[in-house]
Every structure is written in C-alpha cells, then in structure tokens.
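These notes concern the structure reproduced below.
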Amino acid sequence: MDPAEAAGLRQIWEVHPSPYGVPYYFNPKTKESRWSVPTGPLDLVVPPEEAKAEAKPKKVDLKPLDVECISSSCSSTSDSDEVQGTAAERAKQKVENFKTLLQEKGPGLDWAIPKSQRKKLFQSLVQSFGAGQRKLEAETRRQNREGFLQLLQHADFADLPVDSVQGALTKLEAHFGQDPRWSAVSAHERQRLVESRIAEKQMVQAGEEEKAWRAFRALLLETVFLQFPADNHVPSFEEVSQTSVASQPRWTALGEPKRREIYQALAQERAKRWARERRQETEEEDDLLEKRKRSRLVLAEEDFRSLLERKVKSPLEFSWKEVTMLLDGEKLPDLDEVDLETIFNQVRTEDLERRLAMFSSTLLRNEKVTMEMSMGEVIQTLEMQEHLRAVPENLLKKSWEDWRRFRLTEALEAFRSWLRESPELAETNRLDEDAVQELCTRLKPDIRFRRLDLFPSQRKRLIMDRLKEIAEEKLQLSRSDSDGG
C-alpha cells in the first residue's frame, strides 16, 4: 500500500468543546460523534481548523516498502508478549502501526535510509506516537473527570443515602444518566468520585452539627444553668421547652432528640457540680465556725492557765476537787467544768514531765552519784526531796534505771578502750582461770576497773575477749616471721 492510499484510509476526528465542559469528537467523513478519545491505528485527532487540511490526501513519492523485511525484523521480539496473540498477528499489527506512522510522518522521511536503520527509526517513531497518544488520553480523562465533578455540584446530596455509595450512584444515575458527562467517565471512576464527594459532605455536615450543638450548649449555660437554682431544683427539658429560651435560633438549630440528649447530659453535669460546690461551701463554713470555736477555746484556756499559775503553785500536789475549792470565788473562763478539768490535768502532766526532766538532767551532771547507790541515796545526794515529793515512785525508778543503763554502757566502753592500751594484758600468756584472777588483782586499783564491780561477769567477759585478741595477734605475728625466715 503506497503512502497516498494509506492517507486515504486515515480517520480524522475533530475535537470540539461541549456545553457540559467535556470535549466530544466528530468524524467529518462518517458524520460520527463520540465522547471517548479515538485510539484506533488509523485514527487521528486534530483541532477543527486542521481537519480540512488533514483530510486532503498528500502526494508522497516513495519507493515500495519491503514489508517482509519490516515484519521479519519486528517479529523478532520476545515470544512472551501475549497481548497481540500469535507471532504472525503481532507482526501484522506492527506493520499496520508502521503504515500509520508512514501516513503521518512519510512526507518528512528520507527514504534513502538503508533498511538496516529503518528498525531504529521505526522504534523512535513508535515511542513518539505513543507518548502523544498517552498525553492526549490523560488530558481527556482530566477533562472528563472535571465535567463529572461539575455534574455532582448540581446533585442534592441531602436526599441521597450517604450510608450506601451504591444507592447514591443508582439515584444519581436516574437523574443524570442521559447527561454526556455521566458516561464520559468509567463506572469505577464514578464510584470513587461519588465516595469522595459523600465523604466531603459528611465532614461538612459533622462540622455543622458540632457547631450547632456547641452553640446550643452555650445557650443553656448562659440561661438555664447560669447560676444555682433558688429552690435547688434543676428544671426538666419539658419545663425549659415552654420558656422563651426555646424560641431562640440556637435552640431551633437542632432537632428535638439531639436537644434532649444534650440537655439531659448537661443537666446531670451541672447538678453534680452544684452539689460539689455546695458541699465545699458547707465545709468551708464548718471550718470557719470550728476555727472561731477553737480560737475562743484557746483564749479561754490561756486565761485559765494564767489563773492556775497564780493560785496553784504546785499543780502536781493537788487534785481537781482541791483546786475547785482553791478557786472558789474566782471568775472562771466561759468553759464547762469538763473542759476546765481537762486543762488542769494537762497542766499537772506538764508539771510532772518538767520535774522528771530536771531529775534526769541532774543525774547526768552530778559526779557524786554512782551506780551502787539506792534510790533514796540518789535523791538525798541530789538534794531534790522537796522537788520530787509528789512524783510517783515508779516514774522516778524508771528514770533512775535509764540513767544506770546509760552509765553502764559508758563504763563498759571506757573499760574496753583501756584494755586495748593496758600493758598488763600483753604480758599475760595464759587464758586459764588462775591467770585471769591474777590479772584482775593487778587491774583493780584503776577506777575504770572498779566502776564495773556491780557487773563482774560482763567485766570478766571483756577481759577474756581482749586476751583472745592478743593471742591471735601473737599467732599471726609468729606465722609472718616464719614465712619471712
């Protein structure tokens, strides 16, 4: 087939804009119109002004083509290509493609090119042709998609079943199925765009609903729940519905079920808050009353203590009955008798603790008192008979025993330290009873030894422990000398 004949078989399609925003394609030769892009091997899409020029056949002075050479060279591609069927069909299709390229590019070719270079030229032309077709198809798809989106702008999504995309598509098709913009996109693309549109509408609707219920909540806080109800009664939803609040736009913007739900939730929340605030106020009032009461009690207690200090010099030596007789005729603070007796008992306890503390501190400072003395001898030595006369004997004995334990611990530590420095123990090489007795006789003149006369067993244990330490030190020294020799 010569180039002139091939040019005569070419199908020229004019691209025209439509009032729907989607281009359509018109074949001036066959008078056929279509919405999809013509992609046949002989189809050529051109603007209207170029259609007439392209429709005229062009004279091309070409030599006959060696089709078999082309087909044989083209059929050498991989046998794995299953799109075009058999190898013969693939070769035939490639020849047709090449003819189409020749129809478009033939006049500009230099047919003096050797056959060996035509394959490379063919592949270059195929790539250029495919890129143009893909670009045109992509642009057409974009325009079709924009036209479909314009169509969706006219759809009333408020009446669509937004919970079912298929249901929405069915209802949309019933309205716009005859519109070219509907069929200009594939079913899959229509579903995707409708899903996206429904999602956008749902987001907008959710935002508007949230804005409406926030405004409704603010209305309730500004009116119904602004302050504590005077009668501690939270009004019901029905009661508020009969007031002027129900005529405001923020009230009517929501449906009755949603209004009731929000109102009940807010009513419970505010009721709990009011109850908590009331409880807090009550507690604060009680605390204030308690503080005032304690303040009065403190002042009254100070007055009564001052009175006891003036009238009762030694509270420990008197009972409450005796004190009431001593204070007969005195002006007492505004307290009941139980409170007065409680204050007096506290004063007696404080007096007792003060006397015991003085006894303990005097024992620690006095060097004349020894652990061998009896309780009476100690009190006499300290000259505290009058001061300790009313103190119970068991408490005095406890203080005395505490002091003796302290002195014993102190004496044991002093004796242990002295034994570490005494040369008498270093000269003793035996650990038998006679050796220990002899050592005690030599240590007896020292006061640190005699302080433990009341505790001979503990003193003897300390001596034996020190002798064992010395023996162990000598043994270690002997071993060291043997190893060195």
Worksheet item: Within region 290-311, can you find the residues that are open to solvent by 100 Å² or more (accessible area, probe 1.4 Å) and either modelled with pLDDT under 85 or in contact with a Lys or Arg (Cβ under 7 Å, 6 or more places away or on another chain) (or both)?
Response: Lys291, Arg292, Lys293, Arg294, Arg296
Response to the item:
Flagged in region 214-265 as touching a residue at least 24 places away in the same chain (Cβ under 8 Å), among the charged types (D, E, K, R) and either surrounded by 15 or more Cβ atoms within 10 Å (Cβ to Cβ) or outside any helix (DSSP H, G or I) (or both), in numbering order, are Arg217, Arg250, Arg259
Worksheet item: In this structure, does Val185 turn out to be in contact with a helix residue (DSSP H, G or I) (Cβ under 6 Å, 6 or more places away or on another chain), without any contact (Cβ under 8 Å) to a residue 60 or more places away in the chain and either surrounded by fewer than 16 Cβ atoms within 10 Å (Cβ to Cβ) or within 30 Å of Gln166 (Cα to Cα) (or both)?
Response: yes
Response to the item:
Expected output for region 121-139 (first residue under 19 Å from Val37 (Cα atoms) and modelled with pLDDT of 75 or more, partner among the aliphatic types (A, V, I, L, M) and not in a helix (DSSP H, G or I), Cβ below 7 Å, 6+ apart or cross-chain) is Leu136/Val37; Leu136/Val45; Glu137/Val37
Item to complete: Please verify whether region 381-393 includes one or more residues that are assigned to a helix (DSSP H, G or I), of a type in the set (Asp, Glu), open to solvent by less than 60 Å² (accessible area, probe 1.4 Å) and within 25 Å of Val312 (Cβ to Cβ).
Response: no
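Quick grid of which residues meet (1) touching a residue at least 12 places away in the same chain (Cβ under 8 Å); (2) more than 30 Å from Asp351 (Cβ to Cβ):
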position	(1), (2)
His387	yes, no
Ala411	yes, yes
Glu421	no, yes
Leu439	yes, yes
Arg442	yes, yes
Practice prompt. Being assigned to a helix (DSSP H, G or I), in contact with a helix residue (DSSP H, G or I) (Cβ under 6 Å, 6 or more places away or on another chain) and open to solvent by less than 90 Å² (accessible area, probe 1.4 Å) narrows it down to one of Arg459, Arg404, Arg466, so name that one.
Written response: Arg466
Response to the item:
Residues of region 347-380 being open to solvent by 80 Å² or more (accessible area, probe 1.4 Å) and polar (S, T, N, Q), in sequence order, are Gln380
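The values are calculated or read from the model by the stated rules, or taken from the named source; none is laboratory data. The structure displayed is predicted, hence computed values, not measured ones. Here Cβ is always computed from backbone atoms with ideal geometry, including for glycine, and neighbour counts include all displayed protein chains. We work out accessible area using only protein heavy atoms, side chains counted, and drop any ligands, DNA or RNA first. Shrake-Rupley method; radii C 1.70, N 1.55, O 1.52, S 1.80 Å.
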